Structure formats: structure tokens, C-alpha cells
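Notes for the one structure printed next.
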Amino acid sequence: MNRFLKVCCVMALCMLSLLATGCKKEEVAPQPTATPAPTAAPTPTPEPTPEPTVNINAYGGYPKTGDVLGQLTIPGTNVDCTMYWGDSTTQLNKGAGTYTGACMPGQGGTIIAGAHTNTYFRDFEYVELGDEIVITTYYGEYHYEVVDMKVAKATDTTTYDLDATEENLVLYTCYPFGTLQPTNQRYFIYGKYISGPEIVEGEIPADSSASQPTA
């Protein structure tokens, strides 16, 4: 009997040991804490590059009426002619004439230039939106983009804005294209300023003969 009790006690102890082992919770190893990635510093917005400037006095000053202002070209067309300051018959017989009542390239306003349709501006009909206009003056090179074209009466003064505060280019010629006789219509090409030095010194001389641009 005592032997039986001993066996029972041993078995009970084994059962208790097994139960205790089964109920023991498995210890989970702690997971390493992820280190947050460093936050990148914001990239500073670069300051816009200012347009270059030019001292007109270093190039002989402002032109006089009849002086050569530069060369006007429209790449992709045959428009490539001398540009004069002034738009009288004398200048228009030699190239493109610039209206002296408006601005010169680099003055930050409206530039108006015309030429005859049967000569220097004959290729106007092939100019397209987005084309480039280049004016190479004696004091710097200027680039404009064609943004509009239209036909209007020669007397329509709404075709240009002499009070504009941003540089822009207006080219015009008689219409229909190629005509040999004076007409009462003009074909206008409008250029948006892209690049070129700003004139920072001096004033354009007054020209009492300036009234309205002619062609």
C-alpha cells in the first residue's frame, strides 16, 4: 500500500511539473526600435537671375533719326534686314523703320517697327506663332516670341499700346502681302520679350516729328 501511495505521489508530482511547464509563457525577445530617418532640410528657392543691363552711353549714346539701330531677323523666313531709328520714306526704302514715338529694345516698353510688304517684310505670311524674332542692336541682342498676328486698319491706334509697362515688339506691314500700292490695311505681328539687356542710363531724345508709325 505504501508502495502504491509512493507511485501515485511520484506520478502526481510529474503531472504537476508538466502542467507548470506547459503553462509557462514563452518569453518574446524585444524587437529593436527603428531609428527614424532624418528629415531632409527644405531646398531653398533660387532667386531669379536678373536680366543684364547695358549703359547706352558706353556705345555712343542714343541714336539719331536715320541712324542704324541694328539687324532684324526672323529665323525660318527671309525676313533679315537692317533696322533704322525712324520710319520715314528714307528709312523704309532701306530696311525696317522704327517709330521714334515708341521705345528702343531694352527700354522696357513698346517697340514699333515697319517695312514694305513687297521688299523687306515680304515673308510675313510665313511667320507662325511661337517663331523667334531677333533684333541685334549696336548695344545688345534681343529675342522675342511671336504670340499674335492680325489684320487691322492703318488708322487703328488700338493695335499698339504706347503706355505698356512691359517690353513688347510690334512689327507691321501693308496688307495684302506683296502689294505694290499703298493700302488702308496693315498686318501686325506681336512679339513677347524673352531676353536682352535693359538700358539703365540716359533718356531717349525727343523727336518732334513723331506722330504715328508709317509704312
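The values are calculated or read from the model by the stated rules, or taken from the named source; none is laboratory data. Computed from a predicted model, the values in this text were never measured in an experiment. Here Cβ is always computed from backbone atoms with ideal geometry, including for glycine, and neighbour counts include all displayed protein chains.
The table below lists the values:
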| quantity | calculated |
| --- | --- |
| Residue in segment 185-193 that is modelled with pLDDT of 95 or more, assigned to a loop (DSSP other than H, G, I, E, B) and not β-branched (Val, Ile, Thr) present | no |
| Any hit, segment 143-153, residues being surrounded by fewer than 19 Cβ atoms within 10 Å (Cβ to Cβ) and part of a loop (DSSP other than H, G, I, E, B) | no |
| Qualifying positions in segment 114-126 - in contact (Cβ under 8 Å) with a residue 60 or more places away in the chain and in contact with a strand residue (DSSP E or B) (Cβ under 6 Å, 6 or more places away or on another chain) | 114, 115, 117, 124 |
| Sole residue being farther than 21 Å from residue 190 by Cα, not in a helix (DSSP H, G or I) and not acidic (Asp, Glu), chosen from 61, 76 | 61 |
